[in-house]
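*Asks:* Structure incoming, see below.
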């Protein structure tokens, strides 16, 4: 008999005499041969005490009877299932697993006295230094058998690579108190069955890929203390049932896709200490009862879709005493408007200013009436000594119905035009010196107000000074980053960001990235002579675009991008017929694109990207024949692509990707002969690619990916696209013809993703290094080991194990290696399953075998042991040999520059960089670079330390570029500095050879990926994502392999080039980086020594405005840009004669703020000494000039023995610092204020 551990079994004994007759009333004595296994009491009740076999004996006199009892631990089977399902052989530690040893001795397993499993901890850990998790090696699905561990109280499988769904059977674990599954790749919904775990106190499933709603059943977990659901893709509202969790102390749902309001019931969580709901799409005010949550010490609720805290006393005090209170008040806009009013109307001198500027509770500010959210509904400042003018931003008080400012005789100026957006019922301003704007719209609005008592005085026309004052008031001028000379008597042309003509009229207003906050005042429409208006990169600018901007008929450049503007684009902007550039991207604008834009016949650049313009592309766009660049991507557009776009023959770039466009690709697009960039990716286009696209003879990028309805073979006419560098057609039904001519042309396109039109099944075997795809095979790097995976399949389900496999490798017709892979007990699957190493035959192939020209033959079941009825293919390929794409990579030469910030003198980075150079093959800072990028042989050099007066990553990248240029570097240069850093943690030229990274291995690899031409994968808000990236969620989409840990990488891993994790590399990015390196990195070594040259360096800021750093005379190798582009760098004599002129394209810098930088070395020609008077950089964002009056004092320290730069400082260095960083004799000191002086030329 068998008894389960801990269970009982009743045995019954009967005695018989010698004649076989039953003896009535016989008394029995019971005993066990092994009491630790099975105990028996005097009644014959047997209890399983431990795993094993015991003999139970019943004795009556001289008579005996026995029964053999087997005690089985049901937990053993569940643990064995876990081992097999999650690649147990490759766990970091699997001591005693699958042995006969007691379960308590199995690694990670604790048992109770009876031997039942009560704790299972196979978690990995977080490496805080490397900013990466260290998995324990579990990969694959969580088996449902874990639900049989009925005594389990703790289960921790976090920080692994588990995939698939959370088994509903875990809801059977009635004894469970802690469940931790964080930082895996689990997908699917959270099972509602987890609501059955009545004893649960801790539930953590954060940092996975879980989807669907939060189950309301979780509200039944009355003992729960912590619930962590963040960093997933959960959607829907927060269930009100979570308010039943009376003991809850921690609740995190941050970084999901949740929407709707915060349930009122969450106000019942009296024990809550930490609540994080940020980075969702939640909306509405916080529940009124939240301030009663007195235990709360941390609350994060920002970055949502309107979620806010009421601006009332209870919430203000609650947030004040809390350790962390991060999120907006519902009346933040109103607060800003009233603060501007206080400033404009002389608040410090008011008769009564009680409460003003005292915090978010506006109801306690004198004269303010507020609603339950703290928003202004009425303002009564009558007879209060207002002295000045009304803030132009008053129109942003959208809930205000009453405005009383009468009896303030020193209050002058105009009623703001923005008031017309309010539904006022009371407006009193008599006995003031205010006047009425002389517009029909304003007069009509006044007539709608039931109680209107004013001055009746009409305003004279606005002066430009008054318009600028209105802008200052409306957008928080006192808080601008730079408001030099604003509101002073200085000429308007001296005000920061303003230029005026000879008559003093404003022609240029450029306030990029200046911390403007508030609405754009309609008064701006009165700047009649304005030609340039730039308010972009001000995320605080809100409200609608005033239709009055349509009055600016002289405007040639309008830039309002990266703001929080809302509402529809006013059709009045179609009146701006002189406009050359219109930037309205990355805002909250909605509604259709006005067809009136078709009147902008002089427009050369139009960007509406990253908005929500539902509706079609207006066919009127076909009239914009001057257009050079049209960017409409990610704007929620629908309908067909208008064939009229084919009229735009001056277009060089057309970006329509990431919309909902339908129908065929118009053949007329083939007329865009000047187009260099054409992206229609990520839409719902259908049909074939028209042969007319062969007319795009200048196109360099053709992106058609992720249009499932596009079908058929690519037309042969595309082979005429001789300049094509990128072809994206993944996620479509398109394929590449197999004829030699087409394939030869396709091989010349280094960045591509297109399936082959070849028919037949894909081979059931491949070699993988980092990642591999059966659909889009990834080339291998020569001289690097690879994992061979063979996938035998049977015709029908069977219990027969996977057979032995023999693989033969050939090079130049000769066998170079043979690998025998033994069979295994895992049943032969019926289809290829890449997700489990147990379902394939696997072997590591030595690096020496992986060489260009490699061929492979695989024999399955070479001894012929399988039944033919199973239908297992015996040879791969069926005939011939399988060709393996192996590429020999050039040496990856990386120089790491350790920067030391002069302010802290922290030189710890120097030891790190030297350690990287000493052992690049094993240093953990380079693990991801080695494992995820096609580097091949890696040579790392440690640059001498460089003292820098900045810790800004963008400036450090620019300095890295300058160092590389000065030193004649041909390989990659990466700057590195320890924290603290400002700017991004890493930045890189894309593509290029210069980068900067903080000391984190994943960031190092990410930035080097950018150097290899890789753009971002779309996850985590990464800017400028590759429109042809195959997965919309940034996942790698193919199975990878991690040699360091010996486990598979799930396709749900995020790509290295995204801002999400955990990360690996996609087949798409690995292949493209490899092909780019083969094209790019055949650079020759320097053929001559350095000569006297000019170091010219600079760039553009986030506002697109150019800047230049001081020029230096240096001995260096030439480093010149590729000719052509929209930027020009010119050196001239005092008489205006050009000494040099370089046209170039500004490099693209990834992970930055939109700024960029360059560094060139120009050989000096005879006669330049003393003649060079000015250096000018000009481009679309303006120009900048270095001349004799420039004072940008900078010093470069250089080691004269090897030419290495040792310092870049904004002023003459501290002599002590120079000595500290000198090795041996002193450093060479180069100094410049802008234009090199006479001493510099003589050096």
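*Asks:* Could you count how many residues in segment 1046-1058 are more than 19 Å from residue 210 (Cβ to Cβ) and part of a loop (DSSP other than H, G, I, E, B)?
*Replies:* The qualifying residues number 3.
*Asks:* Could you check, for segment 795-807, whether at least one of its residues is within 30 Å of residue 1073 (Cβ to Cβ) and surrounded by fewer than 20 Cβ atoms within 10 Å (Cβ to Cβ)?
*Replies:* Scanning segment 795-807, I find no residue that is within 30 Å of residue 1073 (Cβ to Cβ) and surrounded by fewer than 20 Cβ atoms within 10 Å (Cβ to Cβ), so the answer is no.
*Asks:* So the check is Cβ under 7 Å with 6+ separation or different chains; which pairs have a first residue in segment 867-886 that's at positive phi and a second one that's surrounded by 10 or more Cβ atoms within 10 Å (Cβ to Cβ) and part of a loop (DSSP other than H, G, I, E, B)?
*Replies:* Every condition considered, the pairs that remain are 871/794; 871/795.
*Asks:* Can residue 671 be described as closer than 22 Å to residue 710 by Cα, free of Cβ contacts under 8 Å to residues at least 60 places away in the same chain and either surrounded by fewer than 17 Cβ atoms within 10 Å (Cβ to Cβ) or touching a strand residue (DSSP E or B) at 6+ places or on another chain (Cβ under 6 Å) (or both)? Can you show your working first?
*Replies:* Values: closer than 22 Å to residue 710 by Cα: yes; free of Cβ contacts under 8 Å to residues at least 60 places away in the same chain: yes; either surrounded by fewer than 17 Cβ atoms within 10 Å (Cβ to Cβ) or touching a strand residue (DSSP E or B) at 6+ places or on another chain (Cβ under 6 Å) (or both): no.
Taking the combined requirement at face value, the residue does not satisfy it.
*Asks:* Which one of the conditions (1) within 23 Å of residue 416 (Cα to Cα); (2) assigned to a helix (DSSP H, G or I) does residue 493 fail to meet, given that it meets all the rest?
*Replies:* The one condition residue 493 does not meet is (1).
*Asks:* Given the structure, is residue 122 on the phi < 0 side of the Ramachandran plot, assigned by the TED database to the domain that holds residue 165, more than 34 Å from the chain's Cα centre (by Cα) and buried (at least 21 other Cβ atoms within 10 Å of the Cβ)?
*Replies:* No.
*Asks:* If you don't mind, there's one more thing I want to ask. From the list 341, 266, which residue is buried (at least 20 other Cβ atoms within 10 Å of the Cβ), touching a residue at least 40 places away in the same chain (Cβ under 8 Å) and not assigned by the TED database to the domain that holds residue 474? Let's see the steps before the verdict.
*Replies:* Numbers: 266 fails: touching a residue at least 40 places away in the same chain (Cβ under 8 Å).
Among 341, 266, only 341 is buried (at least 20 other Cβ atoms within 10 Å of the Cβ), touching a residue at least 40 places away in the same chain (Cβ under 8 Å) and not assigned by the TED database to the domain that holds residue 474.
*Asks:* Here is a follow-up. Could you run through segment 6-19 and say how many residues are in contact with a strand residue (DSSP E or B) (Cβ under 7 Å, 6 or more places away or on another chain) and either surrounded by fewer than 17 Cβ atoms within 10 Å (Cβ to Cβ) or in a strand (DSSP E or B) (or both)?
*Replies:* Qualifying residue count for the region: 6.
*Asks:* Given segment 89-164, what strands (runs of 3 or more DSSP E) lie entirely inside it while holding 2 or more residues that are modelled with pLDDT of 90 or more?
*Replies:* 109-111, 117-121, 154-156
*Asks:* I need the strands (runs of 3 or more DSSP E) fully contained in segment 953-997, keeping only those with at least 3 residues that are more than 24 Å from residue 1115 (Cβ to Cβ), outside the structural domain of residue 1114 (by the TED database) and modelled with pLDDT under 95.
*Replies:* none
*Asks:* Being crowded, with 22+ Cβ neighbours inside 10 Å and in contact with a helix residue (DSSP H, G or I) (Cβ under 9 Å, 6 or more places away or on another chain) is the filter here, so list the residues in segment 752-768 that pass it.
*Replies:* 752, 753
*Asks:* Which strands (runs of 3 or more DSSP E) sit wholly inside segment 20-66 and have at least 1 residues that are closer than 21 Å to residue 103 by Cβ and over 60 Å from the mean Cα position of the chain (by Cα)?
*Replies:* Of the strands (runs of 3 or more DSSP E) lying wholly inside segment 20-66, those with at least 1 residues that are closer than 21 Å to residue 103 by Cβ and over 60 Å from the mean Cα position of the chain (by Cα) span 38-40, 52-60.
*Asks:* From (1) over 25 Å from residue 605 (Cβ atoms); (2) touching a strand residue (DSSP E or B) at 6+ places or on another chain (Cβ under 7 Å); (3) surrounded by 20 or more Cβ atoms within 10 Å (Cβ to Cβ), pick out the condition that doesn't hold for residue 521.
*Replies:* Going through (1) over 25 Å from residue 605 (Cβ atoms); (2) touching a strand residue (DSSP E or B) at 6+ places or on another chain (Cβ under 7 Å); (3) surrounded by 20 or more Cβ atoms within 10 Å (Cβ to Cβ) one by one, residue 521 breaks only (2).
*Asks:* Taking the options 487, 468, 462, name whichever one is surrounded by 15 or more Cβ atoms within 10 Å (Cβ to Cβ), in contact (Cβ under 8 Å) with a residue 40 or more places away in the chain, touching a helix residue (DSSP H, G or I) at 6+ places or on another chain (Cβ under 9 Å) and part of a loop (DSSP other than H, G, I, E, B).
*Replies:* Every option except 462 fails the conditions.
*Asks:* Considering each of 529, 578 in turn, give the residue that is assigned by the TED database to the domain that holds residue 654, out of contact with any strand residue (DSSP E or B) (no Cβ under 6 Å at 6 or more places or on another chain) and either within 21 Å of residue 395 (Cα to Cα) or in contact (Cβ under 8 Å) with a residue 24 or more places away in the chain (or both).
*Replies:* On the way: 529 fails: out of contact with any strand residue (DSSP E or B) (no Cβ under 6 Å at 6 or more places or on another chain).
Answer to the check: 578.
*Asks:* Also, I was wondering about something else. On the given criteria, is residue 507 over 20 Å from residue 393 (Cα atoms), at pLDDT 95 or above and in a strand (DSSP E or B)? Don't jump to the end; show me each part of the working.
*Replies:* On the way: over 20 Å from residue 393 (Cα atoms): yes; at pLDDT 95 or above: yes; in a strand (DSSP E or B): yes.
So residue 507 passes the test.
*Asks:* Would you check if there is a residue in segment 353-362 being modelled with pLDDT of 95 or more, in the same structural domain as residue 336 (by the TED database), closer than 19 Å to residue 427 by Cβ and in a loop (DSSP other than H, G, I, E, B)?
*Replies:* No, because not a single residue in segment 353-362 is modelled with pLDDT of 95 or more, in the same structural domain as residue 336 (by the TED database), closer than 19 Å to residue 427 by Cβ and in a loop (DSSP other than H, G, I, E, B).
The values are calculated or read from the model by the stated rules, or taken from the named source; none is laboratory data. Just so it is clear, the structure is predicted and the values come from calculations on it, not from any experiment. Counting neighbours? That spans all protein chains shown, and the Cβs are built from the backbone with ideal geometry, glycine included.
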